[in-house]
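The values are calculated or read from the model by the stated rules, or taken from the named source; none is laboratory data. These figures come from a predicted structure and were not determined experimentally. FYI the Cβ positions are ideal-geometry reconstructions off the backbone, even for glycines, and counts take in every protein chain you see.
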Amino acid sequence: MHYDIHIEKSPISRVSQVDFDNIPFGRIFSDHMFEAEYRDGDWCNCSIVPFHSLEIHPAFTALHYGQSIFEGLKAYKSINGIPQIFRPDRNANRFNKSATRMAMPEVPEELFLAALHELISLDSDWIPTHEGSALYIRPLMFATDEFVGIKPADSFNFIIFTSPVGSYYPRPVKVLVAQEHVRAFRGGVGTAKAAGNYAATMLALKNARKEGYDQMLWTDGVEFKYIQEIGTMNVFFVIDDKVITPSLDDGTILDGITRDSVIQLLKDKDVPIKIRRLSIDEICEAHKNGKLNDFFGTGTAATISHISDIGYRGENLHLPDPEIRTISNQLKQELEDIKTSRIPDRHNWLMRVV
Ligand SMILES: *Cc1c(COP(=O)(O)O)cnc(C)c1O
């Protein structure tokens, strides 16, 4: 391989200190991390080292101008105890699309996958095995030029760390339909997993929480009418027993890997799925007529989350009980069964780490 990964093992493991029955999301970090540097046009100093804090120069351009992207994926253990990662090639590909959009260098897929493989193999004891839990993997890249001034940076760090997690949204989620702020617009960076996208949503999120909602349901920035996504999750509606998800066409919605997997599983089952523009009016109408059967979000962190309430212009639309939502419950179970090898991986989605 072109890139040698130097490995420095941690002298002791912290894994025995973890209470795998009560894992807070994203607060526990496993023993090792991967690091690489981009200097003079190529990746160098690729290494896996004990998990540690970084030293940050105050002029790091990522901090000021936001050239910073990330990914999120998960490793599971099969029922036979084999560590496996769900669709990492798709994450490698999306990472590079984000990089290109933000004028950052690509990470060769070979390096991305090799780094994941080595890291997960070394920290495989950190993969929780309870239903719904997994080892969350966070690759990230940020500009490290020590320079005050705006230009595409020349130096970057690429890091991967991991964190054992339980289920992300144990409760159904309440969403508030965006009527003031915008997450993404045509020609913007909504399709990139770029750090600034999340910063842009914090104020709306803060206000929504004051009103008792958990997340925003983002709409287009022109009419505040067409549904985009939840900002960490793509969205699916079941109206009159037909599944609908917004199309990615206008470049404002993140191309979710869980979304893609769900669409594939629905096709496998011959469940009709419409990928098209969808307005909030259509959703309100369906709800009024008792035809809004299901609404769920898809994303790596939570896989599938039921939405219980939609807040829109001072009204609250309450949705059917999660227990009776057949399609989303089946999809959730099926995805979990594939990831843990209880059923065959018929689309070759798993990368085994052996
Ligand atoms: C990561 C993310 C998703 C979900 O994508 P997955 O690949 O399914 O995890 C959806 N929307 C946004 C904005 C995201 O950042």
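Inspect all residues belonging to segment 1-12 and state whether any of them is surrounded by 14 or more Cβ atoms within 10 Å (Cβ to Cβ), farther than 20 Å from I257 by Cα and either out of contact with any helix residue (DSSP H, G or I) (no Cβ under 9 Å at 6 or more places or on another chain) or hydroxyl-bearing (S, T, Y) (or both).
Checked segment 1-12: at least one residue is surrounded by 14 or more Cβ atoms within 10 Å (Cβ to Cβ), farther than 20 Å from I257 by Cα and either out of contact with any helix residue (DSSP H, G or I) (no Cβ under 9 Å at 6 or more places or on another chain) or hydroxyl-bearing (S, T, Y) (or both).
Considering only residues that are within 14 Å of the ligand (Cβ to nearest atom) and either touching a Pro at 6+ places or on another chain (Cβ under 8 Å) or free of Cβ contacts under 8 Å to residues at least 24 places away in the same chain (or both), which ones fall in segment 223-233?
Answer for segment 223-233, where residues must be within 14 Å of the ligand (Cβ to nearest atom) and either touching a Pro at 6+ places or on another chain (Cβ under 8 Å) or free of Cβ contacts under 8 Å to residues at least 24 places away in the same chain (or both): I227, Q228, E229.
Residues of segment 327-354 being under 20 Å from the mean Cα position of the chain (by Cα), over 13 Å from Y76 (Cα atoms) and of a type in the set (A, V, I, L, M), which ones?
L331
Do you know which of the residues in segment 288-304 that are crowded, with 19+ Cβ neighbours inside 10 Å and part of a loop (DSSP other than H, G, I, E, B) is farthest from the ligand (Cβ to nearest atom)?
A302
From I324, I263, which residue is of a type in the set (V, I, T) and more than 25 Å from the chain's Cα centre (by Cα)?
Within the list I324, I263, the selection yields I324.
Tell me, which strands (runs of 3 or more DSSP E) lie completely within segment 183-260 with 1 or more residues that are more than 20 Å from the chain's Cα centre (by Cα) and surrounded by 21 or more Cβ atoms within 10 Å (Cβ to Cβ)?
234-239, 242-245
Which one is farthest from V189 (Cα to Cα), of the residues in segment 96-126 that are of a type outside the set (D, E, K, R) and not in a helix (DSSP H, G or I)?
Here the answer is P108.
Looking at N207, N197, which is the one that is within 16 Å of the ligand (Cβ to nearest atom) and of a type in the set (S, T, N, Q)?
When all the criteria are applied, what remains is N197.
Answer yes if at least one residue in segment 336-345 is of a type in the set (A, V, I, L, M), in contact with a Phe, Trp or Tyr (Cβ under 7 Å, 6 or more places away or on another chain) and either farther than 30 Å from A114 by Cα or surrounded by fewer than 15 Cβ atoms within 10 Å (Cβ to Cβ) (or both), and no otherwise.
no
Which condition breaks for K267 when tested against (1) more than 16 Å from the ligand (Cβ to nearest atom); (2) in a strand (DSSP E or B)?
Against the list (1) more than 16 Å from the ligand (Cβ to nearest atom); (2) in a strand (DSSP E or B), K267 comes up short only on (2).
From D220, D260, D240, D250, grab the single residue that is within 13 Å of the ligand (Cβ to nearest atom) and among the charged types (D, E, K, R).
The conditions single out D260.
So L54 fits all but one of (1) farther than 24 Å from T129 by Cβ; (2) part of a helix (DSSP H, G or I); (3) more than 16 Å from the ligand (Cβ to nearest atom); what number is the exception?
Of everything listed in (1) farther than 24 Å from T129 by Cβ; (2) part of a helix (DSSP H, G or I); (3) more than 16 Å from the ligand (Cβ to nearest atom), L54 misses just condition (2).
Mind checking which residues of segment 116-168 are modelled with pLDDT of 95 or more and among the hydroxyl-bearing types (S, T, Y)?
Result: S121, S124, Y136, T144, S155, T162, S163.
For segment 278-299, state whether one or more residues are modelled with pLDDT under 95 and closer than 30 Å to P164 by Cα.
No.
Determine whether A195 is within 30 Å of L331 (Cα to Cα) and touching a Phe, Trp or Tyr at 6+ places or on another chain (Cβ under 9 Å).
yes
Any idea which of V189, V173 is within 16 Å of the ligand (Cβ to nearest atom), under 27 Å from I85 (Cβ atoms) and in contact with a helix residue (DSSP H, G or I) (Cβ under 7 Å, 6 or more places away or on another chain)?
On inspection, the qualifying residue turns out to be V189.
Take the residues in segment 270-287 that are of a type in the set (A, V, I, L, M, F, W, C) and in contact (Cβ under 8 Å) with a residue 40 or more places away in the chain; name whichever of them is nearest to the ligand (Cβ to nearest atom).
In this case the residue turns out to be L278.
Listed residues S30, S53, S47, S13; which is over 26 Å from the mean Cα position of the chain (by Cα) and among the polar types (S, T, N, Q)?
Step by step, each of S30, S53, S47, S13 is checked, and only S13 is over 26 Å from the mean Cα position of the chain (by Cα) and among the polar types (S, T, N, Q).
Here is a list of conditions, (1) assigned to a loop (DSSP other than H, G, I, E, B); (2) touching a residue at least 60 places away in the same chain (Cβ under 8 Å); (3) surrounded by 15 or more Cβ atoms within 10 Å (Cβ to Cβ), and V175 meets all of them except one; can you say which number that is?
Of (1) assigned to a loop (DSSP other than H, G, I, E, B); (2) touching a residue at least 60 places away in the same chain (Cβ under 8 Å); (3) surrounded by 15 or more Cβ atoms within 10 Å (Cβ to Cβ), only one is false for V175: (1).
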